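Below is one structure; the comments refer to it alone.
The values are calculated or read from the model by the stated rules, or taken from the named source; none is laboratory data. What you are looking at is a predicted structure, and each value in this text was computed from that prediction instead of being measured. Here Cβ is always computed from backbone atoms with ideal geometry, including for glycine, and neighbour counts include all displayed protein chains.
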Amino acid sequence: MSTIKKLWKVVLTHKMGAQAPSYFVETEYVAVKSKTTRDNKEVEMLKALKKAKKLTRLNDFPDDWIIAVVDTEKVWNPHRNKWWTKKEELK
């Protein structure tokens, strides 16, 4: 089994439309081969959302603030020690 590290962007939006500064969250996940890619991504996204909610104080105001995570499609490349997009990985 291989461990996958992904980078997620956290977007905080007020119900009136204002946005708080965004930040990034890392997740580390072991892909289960018996699951589909979509199922693995959903589990990973839920982990990222849980971690994002733990890191922000705006989570105390759920009626006013919407917390969303966006996949940046960047994966940690241990050979180069930097974040790598999947498109670059295929080349």
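Structure above, values below:
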{"quantity": "Residue count, the range 33-74 (criterion: over 13 Å from Val10 (Cα atoms) and in contact (Cβ under 8 Å) with a residue 60 or more places away in the chain)", "calculated": "1"}
{"quantity": "Conditions (1) modelled with pLDDT under 95; (2) within 15 Å of the chain's Cα centre (by Cα): number failed by Val11", "calculated": "(1)"}
{"quantity": "Residue in the range 69-82 that is touching a strand residue (DSSP E or B) at 6+ places or on another chain (Cβ under 8 Å), closer than 30 Å to Met16 by Cα and of a type in the set (A, V, I, L, M) present", "calculated": "yes"}
{"quantity": "Elements of type strands (runs of 3 or more DSSP E) contained in the chain, each with 2 or more residues being in contact with an Asp or Glu (Cβ under 7 Å, 6 or more places away or on another chain) and surrounded by 14 or more Cβ atoms within 10 Å (Cβ to Cβ)", "calculated": "3-14, 19-30"}
